[in-house]
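Have a look at the structure below, then the notes.
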Amino acid sequence: MKKKMLLLNTTVLLGLGGVLSTPAYASTIQDMESQKSQIQNQRQDVQSNIKAASDELTRLQAEQDQMKAQLERLTLAEEENNKKAQKTEADIKETSKQVDQLEKEIKLLQEKLEKRNDILKDRARSMQESGGNVEYLQVLLGSSSFGDFVDRALAVSTIVDADRGILKETKNMQDELKTKQADVKSKLASLEDMKAELDEMTVQLAAQKKQKDALAKELKDKEAKNEELKASLQSKDSSLANEQSTLEQNIKDQKAAEEAARKAAEQAAKEAAKKAAEQAQKAAAELAEKADSPSPKAAPKASSNDVAPTSAPAPKASNVVTVGNRWIGNSAYVFGGGRSQSDINHGLFDCSSFVHWAYSQVGVNLGPLGSVSTETLKHAGTQVSSSQIQPGDLVFFDTYKKDGHVGIYVGGGKFIGAQSSTGVAIANMSSGYWKQKFNGRVVRI
């Protein structure tokens with residue numbers, strides 16, 4: 001009987017304890033846990049957006065850095081071209097002065113020769129009046145111009161020594177001045193051709209720099225907006241973090257309150273059971289202690305997945321058609337550039353130095369770098385028909401002069417070269433400007 005009573009009291013005690021220990025605010029905690037889960041999900045979304053914004057900022061910064069480097073190249077190219085243009089202008093002015101001086105000297109000489117002409121004609125008349133040599137008189141008086149007169153007079157054998165000396169001196173002076181004038185005019189024409197190309201190139205570089213400046217500003221604006229977005233997302237994440245922290249504290253406080261209420265209920269149950277039966281209280285206490293002791297759980301073993309990093313093989317140019325691609329968007333055209341290591345390091349080329357550099361990268365020497373030009377490249381290989389053109393062939397264009405530009409054919413009606421408007425770039429020679437300028441010259445190295 002006592003045993004049955006003990007079991008009954010124990011059962012009542014356990015039942016009472018179970019009722020009293022049920023959380024009074026379980027629904028409140030559940031609601032808070034649900035809110036916490038929602039906030040964590042929102043934070044994950046926000047943090048994902050923050051990472052995307054950071055990645056975009058990194059990409060924009062890299063693009064901005066690349067743009068700055070190109071702008072520096074364009075500025076350097078503009079400075080070099082302006083220096084060359086100024087020197088060319090100075091040379092043109094100096095050469096023009098030489099031409100003007102020579103023309104003045106020629107004019108004075110012509111006046112002097114006219115006077116000598118009058119003197120010689122007077123002598124001829126005197127000879128006629130005094131019965132002089134008929135052949136000499138016919139040659140002198142039958143000339144069509146003064147130049148013809150000088151040439152005829154020198155051809156006559158019966159000329160007095162004084163006249164012969166005057167004529168020879170005059171002829172030598174006239175020939176020397178004509179030679180100088182021809183040389184100076186030729187040099188002036190060459191300088192004017194160079195000046196024309198430099199002027200065109202300066203305009204193109206200015207336009208390109210303006211375009212790059214606009215793009216750099218656009219990138220800067222994008223960067224500022226992205227920074228603003230990132231700051232906004234970080235502020236939102238911080239706010240959500242505060243909400244989460246508050247909820248976690250509330251949940252902790254609520255659980256602590258429930259734990260205190262549970263313990264109070266247990267204490268009340270113990271006191272009530274003690275009055276009923278000492279043994280039942282003892283048994284209930286033992287059972288309660290066992291119920292309160294959580295069974296140990298094995299801690300989960302930490303796992304790690306170590307993945308060996310892999311690295312993609314570095315890109316490597318395979319032939320002359322593609323080796324110059326590294327300079328596309330990273331170079332600028334400088335007239336006479338690309339003939340020093342400093343120029344090459346900064347991506348400053350003209351058309352012939354770029355071709356020389358590209359072939360040197362695949363082990364082909366096209367002659368001394370310092371003297372390479374479109375003229376030397378014309379004779380660097382074998383000329384073939386344009387109908388037999390193939391990648392790697394040199395193609396020539398008539399720009400400011402015959403064969404004034406050269407590039408490397410890449411196939412598909414296109415070629416790569418250092419263009420004055422773009423720096424190193426691939427251009428279409430099957431239509432538009434370059435089709436008009438292509439002169440049909442193809443050289444195979």
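Out of all the residues in the stretch 355-377, is one or more part of a strand (DSSP E or B) and either in contact with a strand residue (DSSP E or B) (Cβ under 6 Å, 6 or more places away or on another chain) or open to solvent by 40 Å² or more (accessible area, probe 1.4 Å) (or both)?
No, the stretch 355-377 has no match at all.
Would you point out which residue out of K112, K107 is surrounded by 11 or more Cβ atoms within 10 Å (Cβ to Cβ) and either of a type outside the set (V, I, T) or closer than 30 Å to K209 by Cβ (or both)?
After applying the criteria, what remains is K112.
Looking at the stretch 204-214, which of the residues that are surrounded by 13 or more Cβ atoms within 10 Å (Cβ to Cβ) and not aliphatic (A, V, I, L, M) is farthest from E72 (Cα to Cα)?
Taking the candidates together, the pick is Q204.
Every residue, every condition in (1) acidic (D, E); (2) open to solvent by less than 60 Å² (accessible area, probe 1.4 Å), yes or no:
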{"residue": "A216", "(1), (2)": "no, yes"}
{"residue": "D221", "(1), (2)": "yes, no"}
{"residue": "N226", "(1), (2)": "no, yes"}
{"residue": "A231", "(1), (2)": "no, yes"}
{"residue": "N242", "(1), (2)": "no, no"}
{"residue": "K255", "(1), (2)": "no, no"}
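Let me confirm something: among E218, E259, which residue is in a helix (DSSP H, G or I) and under 23 Å from the mean Cα position of the chain (by Cα)?
The match here is E218.
What's the number of the only condition in (1) of a type outside the set (F, W, Y); (2) surrounded by fewer than 17 Cβ atoms within 10 Å (Cβ to Cβ); (3) under 24 Å from the mean Cα position of the chain (by Cα) that V410 fails to meet?
(2)
Pairs needed: first member in the stretch 242-258, hydrophobic (A, V, I, L, M, F, W, C); second member anywhere, at pLDDT 80 or above and open to solvent by 80 Å² or more (accessible area, probe 1.4 Å); C-beta distance under 9 Å; at least 6 residues apart or different chains.
L247/Q35
Residues are listed down the side, and each one gets a yes or a no for (1) among the β-branched types (V, I, T); (2) more than 33 Å from the chain's Cα centre (by Cα):
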site: N41; (1), (2): no, yes
site: A53; (1), (2): no, no
site: T58; (1), (2): yes, no
site: A62; (1), (2): no, no
site: K68; (1), (2): no, no
site: N82; (1), (2): no, no
site: T88; (1), (2): yes, no
site: I92; (1), (2): yes, yes
site: E103; (1), (2): no, yes
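Sort through A85, A52, A69, A90 and tell me the only one that's open to solvent by less than 80 Å² (accessible area, probe 1.4 Å), under 30 Å from E248 (Cβ atoms) and aliphatic (A, V, I, L, M).
When all the criteria are applied, what remains is A52.
Just to be sure before I move on: is G417 of a type outside the set (A, V, I, L, M), surrounded by 15 or more Cβ atoms within 10 Å (Cβ to Cβ), touching a Lys or Arg at 6+ places or on another chain (Cβ under 7 Å) and over 19 Å from D193 (Cβ atoms) in the structure I sent?
Taking the combined requirement at face value, the residue does not satisfy it.
Looking at L74, L16, which is the one that is surrounded by 12 or more Cβ atoms within 10 Å (Cβ to Cβ) and either farther than 27 Å from E258 by Cα or at pLDDT 75 or above (or both)?
L74
Of the conditions (1) in contact with an Asp or Glu (Cβ under 6 Å, 6 or more places away or on another chain); (2) surrounded by 15 or more Cβ atoms within 10 Å (Cβ to Cβ), H405 clears all except one; give me its number.
(1)
Just checking, does the stretch 339-349 include any residue being open to solvent by less than 40 Å² (accessible area, probe 1.4 Å), assigned to a helix (DSSP H, G or I) and touching a residue at least 24 places away in the same chain (Cβ under 8 Å)?
No, the stretch 339-349 has no match at all.
Taking only the stretch 410-445 into account, find how many residues are more than 21 Å from Y333 (Cα to Cα), in a loop (DSSP other than H, G, I, E, B) and in contact with a helix residue (DSSP H, G or I) (Cβ under 7 Å, 6 or more places away or on another chain).
Selection size over the stretch 410-445: 1.
Find all pairs meeting these conditions: Cβ atoms under 9 angstrom apart; at least six residues apart or on different chains; first residue within the stretch 55-67 and closer than 11 Å to N226 by Cα; second residue in a helix (DSSP H, G or I) and open to solvent by 80 Å² or more (accessible area, probe 1.4 Å).
Final answer for the pair search is E56/K222; E56/L229; L57/E227; L60/K220; L60/K222.
The values are calculated or read from the model by the stated rules, or taken from the named source; none is laboratory data. What you see is a predicted model, and the numbers here were worked out from it, not measured in a lab. Glycine also receives a Cβ, built like all others from the backbone with ideal geometry; neighbour counts cover every protein chain displayed. Keep in mind that these areas ignore ligands, DNA and RNA; they rest on the heavy atoms of the full protein, side chains included. Shrake-Rupley method; radii C 1.70, N 1.55, O 1.52, S 1.80 Å.
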